[in-house]
Amino acid sequence: MQSETKNCQNCKKDFTIEPEDFGFYEKMQVPAPTWCPRCRQLRRYAWRNERTLYRRNCDLCGKSTVTIYSPNKPYKVYCNECWWGDDWDFSSYGRDFDFSRPFFEQFAELQREVPRMALLNKRSINSEYTNHSADNKNVYLSFIAFEDENVLYSDHTFKSRDCTDCSGIYEAGERLYETIDSRKSYQCQYSSFLKDCSSCLYCYDCHGCNDCFMSSNLRNKSYVFRNEQYSREAYMEKMKNIEFSSFAVREGLNKEFKDLMDKEAIHRYVINERSVNSIGSSIFDSKNVTKSFEFVKGENCKYIYGCTKIKDCMDIYHVGWNTELCYELHGCTRLSNSKFCNLCYDNMEISYCDTCQNSQNLFGCVSVKKGDYMIFNKKYLKADYQILKDKIIEHMKKTGEYGEFFPPQISPVCYNETQGNFYMPLTKEEVLAKGWHWEENIPGTFGKETVSAGAIPDKIEDVSDSYLNEIFFCINCSKNYNITKNELFFYRKESIPLPRRCPNCRYKIRLELRPKRELWHKRCMCELENHGHKGIPRQGGASCPNEFETSHSPDDNSKKIYCESCYNKEVY
């Protein structure tokens, strides 16, 4: 079978379907997609409200609960305790399929009737304001957080403690602040791509390092200050002269660190470690992975975003933990032989399902728990289930619905509440023109501040407990925010000045520093003026001829982006 070029129904640009893709679609018994890979991910983004939280009353017990659904959404929302309880029956909402109407139109009606889980948060203590999280203690406004303790304003954190404003802390981080994509590091601040480091500040791409400052591409070093080696005593003396507790000083250091990353540091063309035959970025311990991003322990997969431990899958977003042979999923865990599902855990052989748990053989179901052989939440005998399912699929093929993920038009969340608003932002006019939804009442207040940014003490040691009662003003977006007791304790302990930006703007800044979830074609930038291995000029002065697909966008032309060979010669 040859590759085929199609025109995307959404963006109207051409895209290519490879021969191996057709083999996967045949195995999954689905037609080839009509949307290009980028637009398919955009559609999944439109279903993921990860960090926009509201308060509304549980529609069963009446208790005020934290949820991802605004009070004006036309859904029944149960607090997690009620949703998992036995006081309601998902099968009581069962209904027949009407072959005179489109599938998605009927599915949207079912969604509005069956209770939805307020948010995904399991087995946690004092961690009410978290989502897509579990097994946490004292975690606040953090997302995709697992087995953490005392973590604030962070995302993608695992088995970490005493961290604030961090993203991508994958293994046992402790006492970290504004640290990104790091593993097994301790007491580090404003750093990216650290591994086995401690007491490193403003460092980029350092492994096995201790007590380093404003440096990049270090391996097993100590007492390096602005990329120069010092004795312990000389290093400590230099560090003693920097007022880290001062906001003004920190702003200057932040600019210096950005310049370091943009002009001096060497950037590997992609982050791809211990992986075989894999194309993408931030891929670890994987095999035969194509055009995927932020992926750990995957095999035989394509178009994967933010996933862990999945095999033989395509077009998957934030799915993991032993998911196999699946297609077009979002926010699912431990699924097999399933497709077109949203927020479903521990299921087998399910399709077009939303928020279903511990079930098998479902089609077009919402909020089913421990069910089997059900269509539109109605129970059938095994033989009758299969006959009706096949008949509905044929109907969906005629209406042009089968083989695609849920349309954003029936998403239970609005586009400006979702991760699409961060990764693929659209204006309100663009969203509404597509027939998608826009939330007018995003949480937050403006103009309620009780203290101006200029009136906040420059140094953390001058901040009294009275500031816990103040309302602050974000210098980026003007939104109001406050400081919590645990947060102030952390800043004092780590000599960090009070932030002048709200948590959401701090998140956006970190997001900009992380590798992009796209690839661009570039050539290695290691040339004569950049020197060769350890400062030795390349023989003959020739530039490196290697070309590659990189996660560094065309806007990153000021950065030194090297192929694997040149990067290894310079760094190791």
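The values are calculated or read from the model by the stated rules, or taken from the named source; none is laboratory data. Just so it is clear, the model here is predicted, and its values are computed rather than measured. Here the Cβ is made from the backbone with ideal geometry for all residues, glycine too, and neighbour counts use every protein chain on show.
A count restricted to the range 214-263 and to residues that are farther than 24 Å from Cys566 by Cα, of a type outside the set (Phe, Trp, Tyr) and in a helix (DSSP H, G or I) stands at 17. Within the range 261-275, residues that are within 14 Å of Ser553 (Cα to Cα) reach partners that are among the aromatic types (Phe, Trp, Tyr) and assigned to a helix (DSSP H, G or I) with beta carbons closer than 9 Å, at six or more positions or on different chains, in the pairs His267/Tyr567; Arg268/Tyr567; Tyr269/Tyr567. For Ile375, the test of being touching a residue at least 12 places away in the same chain (Cβ under 8 Å) and either outside the structural domain of Asn10 (by TED's automatic domain parsing) or under 32 Å from the mean Cα position of the chain (by Cα) (or both) is passed. Considering every residue within the range 376-397, establish whether at least one is of a type in the set (Gly, Ala, Ser) and over 25 Å from Ser91 (Cα atoms). Among the residues of the range 376-397, not one is of a type in the set (Gly, Ala, Ser) and over 25 Å from Ser91 (Cα atoms), which makes the answer no.
All conditions in (1) surrounded by 14 or more Cβ atoms within 10 Å (Cβ to Cβ); (2) without any contact (Cβ under 8 Å) to a residue 24 or more places away in the chain; (3) of a type in the set (Gly, Ala, Ser) hold for Gly454, with the sole exception of (1).
Tell me, which strands (runs of 3 or more DSSP E) wholly within the range 1-99 include 2 or more residues that are in contact (Cβ under 8 Å) with a residue 40 or more places away in the chain and exposed (fewer than 12 other Cβ atoms within 10 Å of the Cβ)?
none
One line per residue, one yes/no per condition, for (1) touching a helix residue (DSSP H, G or I) at 6+ places or on another chain (Cβ under 9 Å); (2) part of a helix (DSSP H, G or I):
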| residue | (1), (2) |
| --- | --- |
| Glu439 | yes, no |
| Glu449 | no, no |
| Gly454 | no, yes |
| Pro457 | yes, no |
| Tyr467 | yes, yes |
| Asn480 | no, no |
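Among the residues of the range 338-391, how many are assigned to a strand (DSSP E or B) and not hydrophobic (A, V, I, L, M, F, W, C)? Result for the range 338-391: 20.
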